[in-house]
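To keep things clear, I will list the structure first and then write my remarks on it.
The values are calculated or read from the model by the stated rules, or taken from the named source; none is laboratory data. Keep in mind that what you see is a predicted model, and the values were worked out from it rather than measured. Please note: Cβ atoms are built from the backbone with ideal geometry, for glycine as well, and neighbour counts cover all protein chains shown.
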Amino acid sequence: MKQKKNAFRWGATEVVLAVAMAGGCAYAEAEDVVEAELPPVVAAAHDGIEIPYDRTGVSVTVLDAEKEREAGRYKLSDSLGTVPGVYILPGGGNNQRGNIANIAIRGMSSATETLPMVDGMRIFNATGSSNLTPNIMGRANMFDVKQVEVLRGAESATYGGGAMGGVIFMETPEGEGCPGMRLFNEYGSFDSYTGNATFQGRVADTAFFISSTFECSNNDIGYADGSSPQVSHAGEYENYSQALRLDHYLTQDTQLTLTYRREDAAYNYYTPDPYYGGLQPYTFRTNLMTAKIRSKLTESWRSSLMVGYFGSDYMFGHGNYYDTRNVQLEWRNAYKWCEHHTTTAGFTWMRSQYDGTNNGELTPYSGLENTYGLFAEHLYSPTNQWDNSIALRLDQSNIFDAHFTARTASSYRFNNENTRLFGSIGTGYRAPGSMQRSNAAVPYYGTTYHGNPSLECEDSVSFDIGIEHQYIQGHYASATYFWERKTNAISETYVTNPTTWESDAYFYNSSAHWTIQGIELALRGDFGDAWDSGYKVSASITQPKAAQNKQIPYTARQTWAADVHTTPVKGLTTGIGLIAAVGRTFATRADNYYTLRWYANYKLNEQLSFHLRVENLTGQKYTIEQGYEGWGSSVPDMVNAGVGIYGGCTVSF
């Protein structure tokens, strides 16, 4: 069956509602409505007008969760490593799985400069990090999302603060088809196990999706000098996560959506450092809930109202507790003036409450931020081949003055629509946290951090231009040049007492700027022959320069990714993949690395399939956390765990 083209939504513009059918599985018949076969497209990061992939000027990559699972990538971190322009520290940072040290989009870190969104909720906290911490993102899986959308470039005009370098958007899937269940089990190296149960479907006017996942691993910690921890459970990790989505169609034109996501995770952090060393337990608990109503009020006017809550409880060791409580309200409207013009506009409010206790101090730190935003976007398509958009946003909070951002994008198709030129330019910002802009003095592991009421927001501007060409039916090549600059970087300066080795840290806006430029190259295609073969290849070559012409920490100058798969016999799909990085940095330079992987899936019938995968086929050893010298001793580099073999089965009924 030819597939209907998915969409990339801009603002809250148009809601495409399925016509609810009476009876148990009647909805499955509605899915059989087809349209002409169209090029690959992406889906929406916002509710709104469905804009096909080849009609947006923004650099975006969409990862289809089902296809990622077919390739043996069940963790978000594994999938993000295949995206052009994205560098992810391999192995998971401090304790490999369970703690991602850093994810960078075009050199912009996930800790402060790229914005994760889940079910439309901006994950934000008032500590000074504008978005989801790398720790939380490192535990996400590909079982409870339909797809992951990665937008590259400054996107604050559309998505708000924190989107200086891009957006990573995830959404709980809407149930579809007849009710059914899928059970996934996988065992493997390092005492690893992953299990998932998913129950989803649609009955009459109601759709449902329920997913529960358990994951554990000992992570097999090792050091570059050949040593390993002399304690048991040194890198042990486990995580329970659940996701729920309910959709009810009140009328043909009105849809109510409720989502709930929960996570309970724990892992052990071990370091031989004699001062901070030993075994420190981390525990995490998160809850996310959203409620949204979307309605077609007239033939030209669509509206949506969303309220969401995100809570995070985090403990590191003993005596270090951190809680985040966020509430978000968003009202979006879209008006289609005519065939060529559509305008979206709305209002948003975010409240973020943060509480923390460091080292058991009797004076805990608390922070509160309220942010209000007005936004609008206009889409103009003068011809069927040329599409343009401009977005404007004004944000203000109790800790920073009004901040204005803008973004414009354009896409033009020609050569019988086999060739497309696209480009965008936009601005972004990241606000200082309430602690950073206060008079507070917060102690943390031998360092006292002093706030600065004069801190200003970090700012960014980005520009990219690209070309995509379909050189054979179903085969595409693309090249994108990008340039980004960050100014007013919130930095820290340290003053250390040589007797006690205790430090005072002071925040300030740096006068130097970060400048990042590079090119992203990609090839993808499917042969569609009897062997059902396909491929995708990407490369990013960048110059991520910080102040004094130094490379930005936690970046790489080159990243490479490739995947080739084929189906030599009916039911069997096998493939091989590559991930590589050159010119990596932590605080200083780290080693280059590459990994090869092999995977295979055998579908015995519609109900049962088996899979096997081998990670790091050649047994490469590379640094995942840099060691250091201090406190009278030397801590060696931590290295990856080595070759891993995993296998399991999936049962559907």
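Things to note:
- For the stretch 637-653, the set of residues classified as surrounded by fewer than 17 Cβ atoms within 10 Å (Cβ to Cβ) and either free of Cβ contacts under 8 Å to residues at least 24 places away in the same chain or not in a strand (DSSP E or B) (or both) consists of G642, V643, F653, listed by residue number.
- Residue within the stretch 590-601 that is modelled with pLDDT under 85 and either in contact with a Leu (Cβ under 9 Å, 6 or more places away or on another chain) or part of a loop (DSSP other than H, G, I, E, B) (or both) present: yes
- Yes/no for V614 being under 27 Å from the mean Cα position of the chain (by Cα), under 26 Å from G188 (Cβ atoms) and among the β-branched types (V, I, T): yes
- Filter result for A590 (farther than 23 Å from E70 by Cβ, among the aliphatic types (A, V, I, L, M) and either crowded, with 17+ Cβ neighbours inside 10 Å or under 26 Å from the mean Cα position of the chain (by Cα) (or both)): yes
- Residues of the stretch 414-448 classified as surrounded by fewer than 23 Cβ atoms within 10 Å (Cβ to Cβ) and either small (G, A, S) or touching a helix residue (DSSP H, G or I) at 6+ places or on another chain (Cβ under 6 Å) (or both), total: 5
- Any hit, the stretch 409-420, residues being in contact with a Leu (Cβ under 7 Å, 6 or more places away or on another chain) and not hydroxyl-bearing (S, T, Y): no
- For the stretch 137-181, residues that are out of contact with any Asp or Glu (no Cβ under 6 Å at 6 or more places or on another chain) and acidic (D, E) total 4.
- Close contacts from the stretch 471-483, counting a first residue that is in a loop (DSSP other than H, G, I, E, B) and a second that is small (G, A, S) and surrounded by fewer than 19 Cβ atoms within 10 Å (Cβ to Cβ), with Cβ to Cβ under 8 Å and a gap of 6+ residues or different chains, come to G474/G525; G474/G528.
- Selection status of F375, part of a strand (DSSP E or B), modelled with pLDDT of 90 or more, in contact with a Gly (Cβ under 7 Å, 6 or more places away or on another chain) and not basic (K, R): yes
- Restricting the stretch 340-352 to residues that are under 23 Å from the mean Cα position of the chain (by Cα) and not hydrophobic (A, V, I, L, M, F, W, C) leaves a set whose member that is nearest to T286 (Cα to Cα) is S352.
- Number of residues in the stretch 244-270 that are of a type outside the set (D, E, K, R) and within 20 Å of Y314 (Cα to Cα) equals 7.
- Residues in the stretch 526-569 that are closer than 18 Å to T480 by Cα and not hydrophobic (A, V, I, L, M, F, W, C): K536, S538, S540, T542, Q543, P544, R557, Q558, T559.
- Flag if H248 is part of a loop (DSSP other than H, G, I, E, B) and either under 30 Å from P173 (Cβ atoms) or out of contact with any helix residue (DSSP H, G or I) (no Cβ under 8 Å at 6 or more places or on another chain) (or both): no
- Note on the stretch 412-451: enclosed strands (runs of 3 or more DSSP E) holding 1 or more residues that are closer than 19 Å to A505 by Cα and in contact (Cβ under 8 Å) with a residue 24 or more places away in the chain are 441-444, 447-450.
- One residue stands out in the stretch 355-372 among those that are polar (S, T, N, Q), in contact with a Pro (Cβ under 7 Å, 6 or more places away or on another chain) and part of a loop (DSSP other than H, G, I, E, B): the one that is modelled with the lowest pLDDT, namely N359.
- Enumeration of residues in the stretch 509-554 that are among the hydroxyl-bearing types (S, T, Y) and surrounded by 15 or more Cβ atoms within 10 Å (Cβ to Cβ): S510, T515, S533, Y535, S538, S540, T542, Y554
- In the stretch 281-301, residue farthest from the chain's Cα centre (by Cα) [restricted to those that are buried (at least 18 other Cβ atoms within 10 Å of the Cβ) and under 19 Å from N239 (Cα atoms)]: Y282
- Single residue of the stretch 302-339 satisfying the filter (small (G, A, S) and more than 22 Å from the chain's Cα centre (by Cα)) that is surrounded by the most Cβ atoms within 10 Å (Cβ to Cβ): A334
- Failed criterion for A409 (all others in (1) of a type in the set (A, V, I, L, M, F, W, C); (2) modelled with pLDDT of 90 or more; (3) surrounded by fewer than 21 Cβ atoms within 10 Å (Cβ to Cβ) hold): (3)
- When A111 is tested against (1) modelled with pLDDT of 85 or more; (2) assigned to a loop (DSSP other than H, G, I, E, B); (3) hydrophobic (A, V, I, L, M, F, W, C), only condition (1) is not met.
- When V145 is tested against (1) among the hydrophobic types (A, V, I, L, M, F, W, C); (2) touching a helix residue (DSSP H, G or I) at 6+ places or on another chain (Cβ under 9 Å); (3) more than 28 Å from V307 (Cβ to Cβ); (4) modelled with pLDDT of 90 or more, only condition (3) is not met.
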